[in-house]
Amino acid sequence: MLTVGIDIGGTKIAGGVVDSDGTILEKVRVDTPLDTRALADAVIDMAHHFTASHDVSAIGVAAAGFVSKDRSTIIHAPNIAWHDEPLRDILQARLSLPVRIENDANAAGWAEYRFGAGRGHTDMVMLTLGTGVGGAIVLGGSLFRGGHGIAGELGHTRFIRDGRPCGCGQNGCLEQYASGRALQREAEDIADRFPDGSGAALANLRAEVGTISGPAVSRLVLAGDAGAVEALRRVATALGEACGGFQAVLDPEVFVIGGGVAQLGEDLLSPVRIAYETSLPGYGERPVAEFAIAQLVNDAGIIGVADLAAGSE
């Protein structure tokens, strides 16, 4: 059985034809149009491209934002002007195939559960560290979506009371302390406070190029720079402490960590585990979760939503 998975991002639309083993047979990528009608046209054109040369049974579409409980409507999207957009019906009417709509973090988490780092487990939490913090929860072998279909927004759990303002309208959300953007913020702070000490390399980098990017911090971490390592420790500590709380509520067998920061592997996971263990209720008297780095990287959304469209859940 072949299905199409299309992952709509703020800047690009990536799609592929996926088989029942989670293998992408063909992949296409285009820029995301700003106009919502043009965006729908781009998704339909991509689907037609795939169905012209492959025997496809269904189409899955993943997008950031709140998806209705019946998986038909985008209630709200952070980067696209969708408000109660009946996306499934719009696409299905023009494609003559079943269409499945899913939140992009859920789609990526499902892919990791089925074919990646979460394989072999029944209960998994995935956290994706990018500009923000995406989340996906699999409990008992099924995606947990909640009573209104929009559960799993783990990056928007309140982490610090009266903390940093967040784009969601609240203050102190986890993603302000444990994301790629948070890593840059911590690096900037260290460069400001210790320009002649542990922050010297970070301060010099900023003086040379005008900013401190996430990839640059990662390179300095891998080189053993003290300031960059401290910036990562702060972010990892926030993530680990949050995971201790998630463990108390959800009790997953494994936490899968994805996103750009996750490319640091054990440099990230080691301080995460320390913070998790010190934050875990009943530590030493209860089972603990594993921590793993996501395996499917940028293809996870395509694979996950295609697999969901195939009816795997």
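Each reported figure results from applying straightforward, stated rules to the coordinates on display, with no laboratory input. Note that the structure is predicted; figures quoted are calculated from it, not measured. Here the Cβ positions follow ideal geometry from the backbone for every residue, glycine too, while neighbour counts run over all protein chains shown.
Annotations
- C-alpha center-to-center spacing [the stretch 244-282, the stretch 120-158] in angstrom: 14 Å
- In this rough spin-label picture, where each label sits 7 Å from Cα along the Cβ direction, the Lys69-Ser57 distance is 2.8 nm.
- The stretch 125-196 - percent relative contact order, Cα under 8 Å, separation 6 or more: 26 percent
- Estimated inter-spin distance, Glu266 and Glu313, nm [label 7 Å along Cα→Cβ]: 3.5 nm
- Label point 7 Å beyond Cα of Asp35 along Cβ direction - residues of the stretch 67-101 with amide nitrogen under 16 Å: 81-82
- Contact order, relative form, for the chain: 21 percent (alpha carbon pairs under 8 Å, 6 or more residues apart, mean separation divided by residue count).
- Where chymotrypsin sites (Phe, Trp or Tyr not before Pro) fall in DSSP loop in the stretch 219-313, at most 15 other Cβ within 10 Å: Tyr283
- Efficiency of FRET between Val28 and Asp162 - r from beta-carbon atoms, R0 51 angstrom, step 0.05: 0.65
- Positive contributions from Lys and Arg (+1) and negative ones from Asp and Glu (-1), summed over other residues with Cβ under 15 Å from the Cβ of Asp55, come out at -2.
- FRET efficiency for the pair Thr11 and Thr278, taken as 1/(1 + (r/R0)^6) with r the Cβ-Cβ distance and R0 = 30 Å, rounds to 0.20.
- Here is the list for the stretch 153-215: trypsin sites (Lys or Arg not before Pro) lying in DSSP coil, each with at most 12 other C-beta atoms within 10 angstrom of its C-beta, are Arg161.
- Subtracting the Cα-Cα distance of Ser142 and Gln170 from 0.36 nm times their residue separation leaves 7.2 nm of extension gain.
- Under 11 Å, Cβ to Cβ, from Gly167 - net charge with Lys/Arg +1 and Asp/Glu -1: +1
- Phi angles of the stretch 247-264 translate, via the Karplus equation with coefficients 6.51, -1.76, 1.60 and θ = phi - 60°, into HN-Hα couplings of 5, 5, 8, 9, 6, x, 7, 8, 9, 9, 10, x, x, x, 5, 5, 5, 7 Hz per residue; Gly and Pro are given as x.
- The packing ranking of peptides 225-238, 45-58, highest mean first, is 225-238, 45-58, where packing means the average number of other beta carbon atoms within 10 angstrom of each residue.
- Sequence-distant contacts, meaning Cα pairs under 8 Å at least 6 residues apart, place the relative contact order of the stretch 159-313 at 19 percent.
- Between the labelled values (i) 63, 50, 36; (ii) 54, 46, 36; (iii) 66, 51, 31, the entry that holds Cα extents along the principal axes in Å as derived from this structure is (i).
- Other residues whose C-beta falls under 15 angstrom from the C-beta of Arg234 contribute a net charge of -4, scoring Lys and Arg +1 and Asp and Glu -1.
- Qualifying trypsin sites (Lys or Arg not before Pro) for the stretch 13-115 [loop in DSSP, other Cβ within 10 Å: at most 13]: Lys69
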